[in-house]
Amino acid sequence: MTLASDEPDAGRLQQAREAFARREWDLARGAFMSIADESPLAASDLEKLATALYMLGRHEMYMTALEQSHVAYRDAGQSGPAIRCAFWLGLQH
């Protein structure tokens, strides 16, 4: 991945992903949200943020992040992950 000036610091993004992998939900949430304040997250990172928010019981924020992930996957032509996000969104309504 080549970093442009508007992309997040690769080290911070890696830390967020590692916190997610360790199931440190609040740490992952904070890290992903901090990065998202500076630049857009990739669809897969938005999905990780959504999962962390769900695990923390932040339903409205979870729904927003999951919807953003769905749109990002769809716009990137990744139909499988987009459908998965749409499925989970549909279960919540």
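The values are calculated or read from the model by the stated rules, or taken from the named source; none is laboratory data. In this text, all values refer to a predicted model and were calculated from it rather than measured experimentally. Note: accessible area is taken over every heavy atom of the protein model, side chains too, but ligands, DNA and RNA are not part of it. Shrake-Rupley method; radii C 1.70, N 1.55, O 1.52, S 1.80 Å.
How big is Rg to Rh over the chain, alpha-carbon atoms, Rh as the Kirkwood inverse-mean-distance radius?
Answer for the chain: 0.96.
Suppose a student asked you for the relative contact order of the stretch 1-81, using Cα pairs under 8 Å spaced at least 6 residues apart; what percent would you report?
The value is 23 percent.
Taking all protein chains as present, what is the carbon and sulfur share of the accessible area of the stretch 17-58, in % to the nearest whole number, probe 1.4 Å?
Whole-percent figure for carbon plus sulfur exposure: 50.
Can you give the accessible area per residue of the chain, in Å², using a 1.4 Å probe?
62 Å²
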